[in-house]
Amino acid sequence: MRWILFSAIVVIILSLYLFKGYRNNVCKTFSDYYTNTDHNENCYYNPDAHLKVDEIVKRRGYPVEVHNITTEDGYIITVFRIPFGKKKPSIKEKARQPVFLLHGGVFNSESYINIGNKSLGFLLVDAGYDVWLGTFRGTKYARNHKSLSTTERDFWNFSFHEMGIYDIPAQIDLVSDITKQEIIYIGYSLGATNAFVYGVTYPETARKKIKAFICLAPAAFLYEWKSPTKHILRFWSYIEPIAEYFTNGILYLRLPHKLRSILCLPYPFQMDICQFVDMLLWGFDYEQSDPETLPITLIQNSDAISIKTFSHISQLVINGRKFQQFDYGQNKNKEMYGTKEPPIYNLTEFRVPVYLIRSENDFLVTKENIEKLNSSLPEKVKPYDIYVVRNERFNHGDFVIARDVVPLLYNHILDIITKF
Ligand SMILES: *[C@@H]1O[C@H](CO)[C@@H](O)[C@H](O)[C@H]1NC(C)=O
Ligand SMILES: *[C@@H]1O[C@H](CO)[C@@H](O)[C@H](O)[C@H]1NC(C)=O
Ligand SMILES: *[C@@H]1O[C@H](CO)[C@@H](O)[C@H](O)[C@H]1NC(C)=O
Ligand SMILES: *[C@@H]1O[C@H](CO)[C@@H](O)[C@H](O)[C@H]1NC(C)=O
Ligand SMILES: *[C@@H]1O[C@H](CO)[C@@H](O)[C@H](O)[C@H]1NC(C)=O
């Protein structure tokens with residue numbers, strides 16, 4: 001009976017997808033989606049939805065460089081660089097300030113260039129910066145390894161800890177070696193977690209190579225997680241072994257890109273459902289929902305992470321007020337770390353100036369969580385207080401998808417970045 005129901009649903013969804021053959025994939029308002037989009041002048045075809053980072057950047061008229069680097073433990077990571085804007089700089093122009101952008105968990109580097117001219121990557125390059133789009137192991141831009149294949153369990157045996165101690169140093173060294181300048185690092189959510197792991201593991205190197213960390217909704221302390229999904233996380237330790245067994249350790253929390261195009265796009269009600277599920281996780285904000293980019297961000301901002309990363313995050317949510325290494329349970333902790341409890345990430349070791357940004361309606365990185373982070377960092381690395389986005393409904397996802405993300409957030413980043 002269950003299988004019949006399941007197959008029926010699959011057939012219905014697939015046929016909906018196949019029958020809806022419109023080419024135009026984005027419209028200026030949500031009601032336009034209810035029309036024949038091919039005959040509506042408010043709708044058009046945006047190829048970005050199906051392109052990769054370098055293709056999107058080129059299509060928008062910017063130069064792009066592709067750098068493949070190998071981490072100390074063998075993962076091969078693709079970093080993209082937009083060295084200058086649409087106009088070639090004159091020889092007299094002085095060297096541009098490099099900015100390294102790291103995306104959040106289950107996203108990838110597309111999330112900094114996939115909302116057209118509102119994208120942070122393009123705004124920064126237009127403002128005269130040398131933009132580097134980094135990533136971490138496991139996303140579609142970092143799914144190669146010297147000796148492991150993605151079908152092997154060992155490939156996916158990592159958490160954000162390994163991203164912080166291997167992936168970030170490799171990328172920071174690349175940018176630093178090529179530009180010979182101090183870097184400004186902008187990290188969003190898990191992309192900031194990695195920065196903290198890096199900064200406390202290699203405090204001296206970080207201080208030398210990095211001028212400032214600008215943290216958008218940084219995930220370090222997560223115990224005051226307001227999302228209703230917190231209740232599901234309590235069961236995660238039971239689900240995890242089953243998930244591991246079936247997947248080799250890879251997790252598509254928001255499902256793979258292709259599947260999302262079928263599930264979230266063809267009809268407007270599907271877009272509503274997918275958006276609702278996201279908002280359950282990161283906070284409700286329909287006001288900032290952007291009709292012109294939602295079909296793209298819904299399918300593109302969705303990449304794999306490892307089950308171990310997710311388990312590590314859920315430990316931070318469930319197991320109290322600590323920002324610490326992976327908890328294997330007392331016995332294995334003793335074997336791995338020499339102590340029953342995992343070592344904490346000692347934030348008092350952090351030496352690089354930090355700028356923390358949060359928003360009011362973020363279910364994950366809440367006021368309490370970020371204030372705990374603020375108070376754990378040494379006084380001397382905080383030249384400014386926490387900045388709160390001036391919009392009450394701004395949620396965790398809005399940092400990269402909000403309709404008014406430029407006036408609400410990115411203009412402020414362009415301003416504060418000049419102060420370091
Ligand atoms: C970088 O790696 C990707 C993925 O393996 C590959 O498709 C691409 O050709 C490589 N690019 C360069 C410049 O080496
Ligand atoms: C993006 O382009 C549109 C249309 O050309 C323009 O109206 C808008 O002001 C631009 N936005 C930004 C942030 O540059
Ligand atoms: C993952 O790596 C750790 C050591 O880093 C090891 O103890 C553990 O057994 C590995 N897990 C799997 C599933 O291979
Ligand atoms: C963290 O580092 C500080 C300064 O380096 C040190 O005084 C403190 O004991 C450390 N805390 C822990 C828990 O290791
Ligand atoms: C963050 O830390 C700074 C310096 O330690 C302090 O002055 C400020 O009040 C803190 N901000 C909040 C919101 O707790």
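Can you give the helix-only mean residue ellipticity at 222 nm for the chain, where every DSSP H stretch with n ≥ 4 adds -39500 (n - 2.57) and the sum goes over all residues, rounded to the nearest 500 deg cm²/dmol? Before the final figure, lay out each step's value.
On the way: 16 runs with 149 residues, N = 420.
Helices in the chain give a 222 nm mean residue ellipticity of -10000 deg cm²/dmol.
Could you compute the net charge surrounding Y328? Neighbours are other residues with a C-beta less than 10 Å from the C-beta of Y328; K and R count +1, D and E count -1.
Details: positive: K332, K334; negative: D327, E335.
Net of charged neighbours comes to 0.
Normalising by the residue count of the chain, find the relative contact order in percent from Cα pairs under 8 Å and 6+ residues apart.
Relative contact order for the chain comes out at 18 percent.
How large is ³J(HN,Hα) for each residue in the range 407-418, as worked out from phi by the Karplus curve 6.51 cos²θ - 1.76 cosθ + 1.60 (θ = phi - 60°), to whole Hz, x for Gly and Pro?
x, 7, 9, 5, 4, 5, 4, 4, 7, 5, 5, 6
On a straight-distance basis, which aspartates and glutamates could pair with K209 in a cross-link, Cα separation under 12 angstrom, same-chain partners fewer than 8 positions away excluded?
D173, D177, E182
List the lysines whose Cα lies under 22 Å from the Cα of K230, skipping any in the same chain that are fewer than 8 positions away.
Here the lysines satisfying the reach criterion relative to K230 are K308, K322, K367, K372.
Check cross-link reach from K87 to the aspartates and glutamates: straight Cα distance under 12 Å, and skip same-chain residues fewer than eight apart.
D126
Roughly speaking, what is the centre-to-centre gap between the range 265-308 and the range 203-229 when only Cα atoms are used, to the nearest Å?
The two parts, judged by their Cα centres, are 24 Å apart.
Quick one: 3J(HN,Hα) in Hz for the range 136-145, Karplus 6.51/-1.76/1.60 with θ = phi - 60°, rounded, Gly and Pro as x.
Once θ is set to phi - 60°, the couplings for the range 136-145 become 9, 3, x, 6, 5, 9, 8, 10, 10, 8 Hz.
With a 10 Å Cβ neighbour count serving as the proxy for reagent exposure, in which order, fewest first, do W156, W236, W3 appear?
Details: W156 23, W236 17, W3 7.
Lowest to highest Cβ neighbour count: W3, W236, W156.
What is the projected area of the convex hull of the Cα atoms of the chain, averaged over all directions, in nm²? Present the calculation step by step, with values, prior to reporting the outcome.
On the way: hull surface 85.3 nm².
Computing the convex hull of the Cα atoms and averaging its projections yields 21.3 nm².
When the dipole is taken about the Cα centre of the range 22-419, and only Lys, Arg (+1) and Asp, Glu (-1) are charged at their Cβ, what size is it in debye, to the nearest 20?
Values: 46 positive and 45 negative charges, 155 e Å.
Computed about the Cα centre, the dipole is about 740 debye.
Where both partners of a DSSP beta bridge lie in the chain, what percent of those bridges are antiparallel, to the nearest 5?
Details: 16 of 36 bridges.
Antiparallel: roughly 45 percent of the beta bridges in the chain.
Based on alpha-carbon centroids, what's the gap between the range 317-369 and the range 397-416 in Å, whole number please?
Spelled out, the Cα-based centre of one part sits 27 Å from the other.
Compute all pairwise cysteine Cβ distances in the chain, then list the cysteines with no distance under 4.7 Å to another cysteine.
Taking the Cβ cut-off of 4.7 Å, the unpaired cysteines of the chain are C215.
Bear in mind that the values in this text are calculations on the coordinates, not laboratory data. Here the structure is a predicted model, which is why all the values come from computation and not from measurement. Glycine also receives a Cβ, built like all others from the backbone with ideal geometry; neighbour counts cover every protein chain displayed.
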